[in-house]
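Take a look at the structure set out below.
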Amino acid sequence: MHDVRVAIIAITKHGAAIASRLALQIPEAEVVVSAKQAEHLGEFANSRKVYQGALSAQIAGLFESYDQLIFLVSLGAVVRLIAPHLKSKDKDPGILVIDDAAQFVIPVLSGHVGGANAYAEKVSALLAATPVLTTASDVGKTIPVDILGRELGWRVEAPKLNITRVSADVVNQLLIAFVQEAGSKNWWTRPTPLPDNIHRFERFEDVDLERYRSILWVTHRDIAPSVWQRLEERLVVYRPPQDPS
């Protein structure tokens, strides 16, 4: 994975001060500030970009150049600024908003797939602020079906409808069978325990398919079309990297 490209955008005096605090703690971030507020920036080694004119004229370039955009701008204004540039959750950068008192960090867009939720938690810790998360799997501290194992190189294999349906089953705390026949065992990284509705198995054949609502299956096996058909929209498969040995 490439290094995360981060921009901190400020348009007010207080915002510039908060951006300066964050810059010292996120050395890879570039600080983007209006010419009017540039004089209120503090000392830091990060790259800084001072723009002239309206922030709206900068958004397209920001979307292309960064993975995470941290706005020290009101939530409503950010929504209006980014709306014309939205494509999809797979392509849009993570969008975060920090209030002018640095009390709250709100992931607005691409919180889950785009990583804004995780980045909001990081930024909140740096500012001693409160992250405002609304993605169900993050709030409920359960499995994020669509991105599980991504940091381990796992590739998800399932129709989008399956991912949607199984994600709903997970957050609604229905019985889920987690079958792991391959890949790293260190996939559960939350500090909280694995939720009680998720039961682990080492072999697919050990799962009572009538009992479990959905199946999460980590495997290198070829899965017969008949299995997909039998389970309909209840199955999501993960493909870990093959062991080179």
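Return the total of residues in segment 202-240 being surrounded by 14 or more Cβ atoms within 10 Å (Cβ to Cβ), in a loop (DSSP other than H, G, I, E, B) and under 27 Å from the mean Cα position of the chain (by Cα).
Here the count works out to 5.
Which one of these is closer than 21 Å to V33 by Cα and more than 18 Å from the chain's Cα centre (by Cα): L69, L81? Before the answer, list the steps.
On the way: L69 fails: more than 18 Å from the chain's Cα centre (by Cα).
Checking each option against the conditions leaves just L81.
Looking at segment 31-57, which of its residues are touching a strand residue (DSSP E or B) at 6+ places or on another chain (Cβ under 8 Å) and under 21 Å from A128 (Cα atoms)?
V31, L41, F44, listed by residue number.
Looking at (1) surrounded by 19 or more Cβ atoms within 10 Å (Cβ to Cβ); (2) of a type in the set (D, E, K, R); (3) more than 20 Å from the chain's Cα centre (by Cα), can you tell me which one R165 breaks?
Answer for R165: the failing condition is (3).
Of everything in segment 224-237, what is of a type in the set (A, V, I, L, M) and free of Cβ contacts under 8 Å to residues at least 24 places away in the same chain? Give them in sequence order.
A224, V227, L231
Need pairs with beta-carbon distance below 6 Å; first residue modelled with pLDDT of 65 or more and within segment 137-149, second basic (K, R) and crowded, with 17+ Cβ neighbours inside 10 Å; sequence gap 6+ or separate chains.
Going by the 6 Å Cβ cut-off, there are no qualifying pairs.
So S184 clears everything in (1) out of contact with any strand residue (DSSP E or B) (no Cβ under 7 Å at 6 or more places or on another chain); (2) touching a residue at least 60 places away in the same chain (Cβ under 8 Å) except one condition, right? Which one?
Failed condition: (2).
Taking the residues in segment 25-39 that are more than 12 Å from I8 (Cα to Cα) and of a type in the set (A, V, I, L, M) as candidates, determine which candidate is surrounded by the fewest Cβ atoms within 10 Å (Cβ to Cβ).
A35
Report, by residue number, each residue of segment 40-65 that is closer than 11 Å to E30 by Cα, of a type outside the set (S, T, N, Q) and open to solvent by 30 Å² or more (accessible area, probe 1.4 Å).
Of everything in segment 40-65, those that are closer than 11 Å to E30 by Cα, of a type outside the set (S, T, N, Q) and open to solvent by 30 Å² or more (accessible area, probe 1.4 Å) turn out to be A45, R48, K49, V50.
Within segment 184-204, can one find any residue that is within 19 Å of R150 (Cβ to Cβ) and of a type in the set (G, A, S)?
Yes - at least one qualifying residue is present in segment 184-204.
Kindly indicate whether N186 is within 21 Å of E232 (Cα to Cα), open to solvent by 50 Å² or more (accessible area, probe 1.4 Å) and under 23 Å from the mean Cα position of the chain (by Cα).
Judged against the criteria, N186 is not a match.
Give, as residue ranges, the strands (runs of 3 or more DSSP E) completely inside segment 19-116 that count at least 1 residues that are without any contact (Cβ under 8 Å) to a residue 24 or more places away in the chain and of a type in the set (F, W, Y). Walk me through how you get there before you give the answer.
On the way: elements: 30-34, 48-51, 68-72, 94-98, 104-109.
Strands (runs of 3 or more DSSP E) meeting the threshold: 48-51.
Within segment 1-18, how many residues turn out to be open to solvent by 60 Å² or more (accessible area, probe 1.4 Å), outside any helix (DSSP H, G or I) and under 20 Å from Q103 (Cβ atoms)?
First, pick out the residues of segment 1-18 that are open to solvent by 60 Å² or more (accessible area, probe 1.4 Å): 1-5, 11, 13-14.
Still in the list and also outside any helix (DSSP H, G or I): 1-5, 11.
Now restrict to residues that are under 20 Å from Q103 (Cβ atoms): 11.
Final tally of qualifying residues: 1.
Can you pull out the residues in segment 201-245 that are polar (S, T, N, Q) and closer than 19 Å to L174 by Cβ? Write out each step before concluding.
Narrowing segment 201-245 to residues polar (S, T, N, Q): 214, 219, 226, 229, 242, 245.
Across segment 201-245, the qualifying residue is only S214.
The values are calculated or read from the model by the stated rules, or taken from the named source; none is laboratory data. The structure displayed is predicted, hence computed values, not measured ones. For neighbour counting, all protein chains shown are included, and Cβ atoms are generated from backbone atoms with ideal geometry for every residue, glycine included. Heads up: the accessible areas ignore ligands, DNA and RNA and are worked out on the full protein's heavy atoms, side chains in. Shrake-Rupley method; radii C 1.70, N 1.55, O 1.52, S 1.80 Å.
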